[in-house]
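**Student:** Can you read through this structure? Questions will come right after.
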Amino acid sequence: MKYVDDITKLFTRFGANAETYQEIQPNYKDFKDDPVIPAVAEPEPPVEPVKNTVLSPPSPKSPPLTEPPASSATGDRQRLSDLLRELNQVRRDGLPETIRKRTKAKVIAIVSANGGVGKSTVAAGLAKTLRHPGGRVIAIDLDPQNALSSHLGITRPAPGLIQLKEQDADWSAHRLPGFSDSECLPFGTGELNERRLLRQMLLEDADWLNQHLASMNLSENDTVILDTPSGATVYSQQALDAADLVLVMTVADAASYLALDTMTQWLETSPRRAQRQRYVLNQRDDSRAFSRDMGVLFQRRLGANLIGTIRLDHQFNESLAYGRDLLQYAPESIGCQDILSLSGAVHALLFADASSQQGTP
């Protein structure tokens, strides 16, 4: 088949005439490139001699934050919250310990691995007996159960941490008077959403408690006692970071003894390990051989770190039920005697340096 026949059939198929077909041959004779104009080099500026200058060292760079992948709105909000906490941790770790604001008062954190070990009872007992000359004792309730104020004889409702969570809140103005010249700042009562907001605030600001304690303008003769919920919570974590002394509450039973290893690991991984960590054995029942045997095991295991033992005394519960101060109602009871002994040992730990300085001529 000829080339012309293919063209004819193609034009016929589209309803055209092959006679109108015309090939155009390219002509390159008249094509000319644009003339190339050489670039003129600009004269370089004269180089001035380098003067003696002092260069400041580069500022330390913060570690990069994790880039969030694209996902749903709920996932984005969660990642944003994680990034904010990470950024706060980076900012916090970049500050020297001496720059961060801390209260001048001695701070005691009372923690435990298990519930029902009597943290609030001991916290209230120390608040009533642990006083340095020229100072005062303030008990702060970080436990959402809000029970510490009842142990100190405070029954009227009042604003607590849950209402005073903002950074500009004045904690000093809301301290309540308790038994034996003690002072208390309760956790307070609030809706579930308010508790969630407070917990989220503590998660995002790891220095929340330290800043509030510093704003109270306490002196080096004052003492702060922090009552915390059981286990490794955000409240107890902030208390550990603020404490000069950690008192670990335990009881003379098998479950508490088995939890000692877990408690030790938790304290060792704390962001700021307290200067001192001691244990208090509570509710030892000398009428039962098993309780006495467990007391011996705790003593062998903890040694000098077991700073005090409080024997089982039912008058603690009776005093709480009737709203009475046990120190005034039954000062000779075994519970009172053990609390006073523990208070003396704690005072010697906290104020040992000040006492030795005063005794030095």
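The values are calculated or read from the model by the stated rules, or taken from the named source; none is laboratory data. Quick caveat, the model's predicted, so the values are computed rather than measured. Positions of Cβ are backbone-derived with ideal geometry, glycine not excepted, and every protein chain shown enters the neighbour counts. To get the accessible areas, we keep the full protein, side chains included, count just its heavy atoms, and leave off ligands, DNA and RNA. Shrake-Rupley method; radii C 1.70, N 1.55, O 1.52, S 1.80 Å.
**Student:** Taking the range 188-203 as the search range and keeping residues that are open to solvent by 50 Å² or more (accessible area, probe 1.4 Å) and assigned to a loop (DSSP other than H, G, I, E, B), which one is nearest to residue 263 (Cα to Cα)?
**Tutor:** Looking at residues that are open to solvent by 50 Å² or more (accessible area, probe 1.4 Å) and assigned to a loop (DSSP other than H, G, I, E, B), I get 189.
**Student:** When the residues of the range 306-320 are narrowed to those that are of a type in the set (S, T, N, Q) and surrounded by 13 or more Cβ atoms within 10 Å (Cβ to Cβ), which ends up farthest from residue 150 (Cα to Cα)?
**Tutor:** If we take residues in the range 306-320 being of a type in the set (S, T, N, Q) and surrounded by 13 or more Cβ atoms within 10 Å (Cβ to Cβ), then 309 is farthest from residue 150 (Cα to Cα).
**Student:** Related question: Can you tell me which of 173, 206 is open to solvent by 50 Å² or more (accessible area, probe 1.4 Å) and not β-branched (Val, Ile, Thr)?
**Tutor:** Residue meeting the stated conditions: 173.
**Student:** Kindly indicate the residue of the range 184-204 that is over 23 Å from residue 139 (Cβ atoms) and not aliphatic (A, V, I, L, M) and also nearest to the chain's Cα centre (by Cα) among those meeting that condition.
**Tutor:** Top of the filtered list is 204.
**Student:** Would it be correct to say that residue 93 is at pLDDT below 90, surrounded by 13 or more Cβ atoms within 10 Å (Cβ to Cβ) and over 30 Å from residue 184 (Cα atoms)?
**Tutor:** no
**Student:** Could I ask something else about it? What tally of residues in the range 98-116 results from selecting those that are under 15 Å from residue 148 (Cα atoms) and either surrounded by fewer than 24 Cβ atoms within 10 Å (Cβ to Cβ) or charged (D, E, K, R) (or both)?
**Tutor:** Total meeting the criteria: 2.
**Student:** Which condition does residue 232 not pass, out of (1) open to solvent by less than 10 Å² (accessible area, probe 1.4 Å); (2) closer than 27 Å to residue 198 by Cα, if it passes all the others?
**Tutor:** It is condition (1) that residue 232 fails.
**Student:** Let me ask you something else. For the range 310-361, give me every one of the helices (runs of 4 or more DSSP H) that falls completely inside it and has 3 or more residues that are modelled with pLDDT of 95 or more.
**Tutor:** Answer list for the range 310-361: 334-350.
**Student:** Tally the residues that are over 21 Å from residue 196 (Cα atoms), free of Cβ contacts under 8 Å to residues at least 40 places away in the same chain, touching a strand residue (DSSP E or B) at 6+ places or on another chain (Cβ under 7 Å) and not in a helix (DSSP H, G or I), restricting the search to the range 115-167.
**Tutor:** The total comes to 2.
**Student:** Continuing with this model, one more query. Taking the condition crowded, with 22+ Cβ neighbours inside 10 Å and in contact (Cβ under 8 Å) with a residue 60 or more places away in the chain, does residue 185 pass?
**Tutor:** Against the criterion (crowded, with 22+ Cβ neighbours inside 10 Å and in contact (Cβ under 8 Å) with a residue 60 or more places away in the chain), residue 185 does not qualify.
**Student:** A follow-up question, please. Would you pick out the residues in the range 156-170 that are open to solvent by 80 Å² or more (accessible area, probe 1.4 Å) and either of a type in the set (Lys, Arg) or closer than 22 Å to residue 336 by Cβ (or both)?
**Tutor:** Listed by number, the list holds a single entry, 156.
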